[in-house]
Amino acid sequence: MKPCGASILGTTPLAPGRHGIAPVQQTWAVDPQLRLEQWERRAEWPLAAVAIAFLAVYSVQVLGRPHGVEATVLGVMSWIIWSVFVADYFARLALATDRRRWFVKHLLDLAVVALPLLRPLRLLRLVILVGALQKALGNAIRGRIVIYTVGGVALLIYVGSLAVLEQERDQPNALITSFGKALWWSITTVTTVGYGDLYPITTTGRIVAVLLMLGGISLIGVVTASLASWIVQRVAEDDAAEGAATAEQVAALQMEIRNLADELRIMTAQGAIPGGRTSP
């Protein structure tokens, strides 16, 4: 026989108290899905800080073009940052309840940590910062659209400019040879305008162009869908309010008719209405 307060099969240990037996600590068994959610929630801001560090390192590498010891230090820092994202990927994979399904749903994350070409995509962790700004604005849907659009476009343009400049500037007959030209090209590409005065000539640069165009189209789609959803929601709320007001009016009229009917029966019974019969 177990003593009072012993745990059975991992349930919450119990201890005697004034009102009987009460739990003294949390359940030992933790839901694996809950552990994954806790990890992702706790890792959000640290990974955002790592992404900011990567942005700074990558910017110095591309714009400053360091040499010697400085280049070596920046390279080591870049690899350390990359290893943090690799560790986060495998930690989330290990904590997932259905690892095969999680792996299939997070193929982009695998590509980000596995393919050197897609390394700048790790900067998408900075979307967490955009989410923090959204929380400061409250639940206004238009405020969310503005924050996500401005933050997403600025991030895409800046990272795209760095990526295409790194690949293009040292190539023969290259047109994108400075950050100013790269920035102008990224703006015209992400907005799907494309004047044609500047264009990448390398395979990597053209892949960056495709990603920028897809990102721009996706942002436009998100904004359009959000606005449409907001309009539909407002119309539905107005209809619901009008329906509620109509229902209240109908209920009030029914109550008033009942009251009038009751008064009419009372007056008829008392002979106050001609044709009515009075009780002897």
Requested in this report: State yes or no: is Leu110 in contact with a helix residue (DSSP H, G or I) (Cβ under 9 Å, 6 or more places away or on another chain), within 24 Å of Gly205 (Cα to Cα), modelled with pLDDT of 65 or more and not assigned by TED's automatic domain parsing to the domain that holds Leu183?
Outcome: yes
Query - Residue that is modelled with the lowest pLDDT [pool: residues in the range 184-213 that are within 17 Å of Thr149 (Cα to Cα) and not in a helix (DSSP H, G or I)] - result: Thr192
Query - Filter result for Thr224 (in a helix (DSSP H, G or I) and closer than 16 Å to Thr149 by Cα) - result: yes
**Report entry** Qualifying residues in the range 177-196 (those that are free of Cβ contacts under 8 Å to residues at least 12 places away in the same chain and of a type outside the set (Ser, Thr, Tyr)) - the one surrounded by the fewest Cβ atoms within 10 Å (Cβ to Cβ)
**Finding:** Gly196
Query raised in the report: Only one of these conditions is not met by Thr224: (1) within 30 Å of Leu175 (Cα to Cα); (2) free of Cβ contacts under 8 Å to residues at least 12 places away in the same chain; (3) of a type in the set (Ser, Thr, Tyr). Which number is it?
Result: (1)
Query - Check on Arg258, exposed (fewer than 12 other Cβ atoms within 10 Å of the Cβ), modelled with pLDDT of 80 or more and not assigned by TED's automatic domain parsing to the domain that holds Leu162 - result: yes
Requested in this report: Starting from the range 55-81, take each residue that is not assigned by TED's automatic domain parsing to the domain that holds Leu155 and list its partners that are surrounded by 13 or more Cβ atoms within 10 Å (Cβ to Cβ) and among the acidic types (Asp, Glu), counting only C-beta distances under 7 angstrom and pairs at least six apart or across chains.
Outcome: Val62/Glu166
Report summary line: Among (1) within 27 Å of Leu63 (Cβ to Cβ); (2) surrounded by fewer than 17 Cβ atoms within 10 Å (Cβ to Cβ); (3) touching a residue at least 12 places away in the same chain (Cβ under 8 Å), Pro172 falls short only on (3)
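To keep it simple, each residue is scored yes or no on (1) farther than 22 Å from Leu156 by Cα; (2) in contact (Cβ under 8 Å) with a residue 12 or more places away in the chain; (3) of a type outside the set (A, V, I, L, M).
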residue: Ile201; (1), (2), (3): no, yes, no
residue: Leu211; (1), (2), (3): no, yes, no
residue: Asp238; (1), (2), (3): yes, no, yes
residue: Ala244; (1), (2), (3): yes, no, no
residue: Met255; (1), (2), (3): yes, no, no
Report task. Look through Arg35, Arg92, Arg100, Arg41 and report the one residue that is part of a helix (DSSP H, G or I) and modelled with pLDDT under 85. Result -> Arg41
Query - Lone unmet requirement of (1) in a helix (DSSP H, G or I); (2) modelled with pLDDT under 65 for Asn139 - result: (1)
Report task. Could you tell me which residue of the range 197-222 is farthest from Gln167 (Cα to Cα), considering only residues that are buried (at least 19 other Cβ atoms within 10 Å of the Cβ) and touching an Asp or Glu at 6+ places or on another chain (Cβ under 7 Å)? Result -> Pro200
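The values are calculated or read from the model by the stated rules, or taken from the named source; none is laboratory data. Predicted, not measured: the structure shown is a model, and the values here were computed from it. Heads up, the Cβs are rebuilt from the backbone with ideal geometry, glycines too, and the neighbour counts pull from every protein chain shown.
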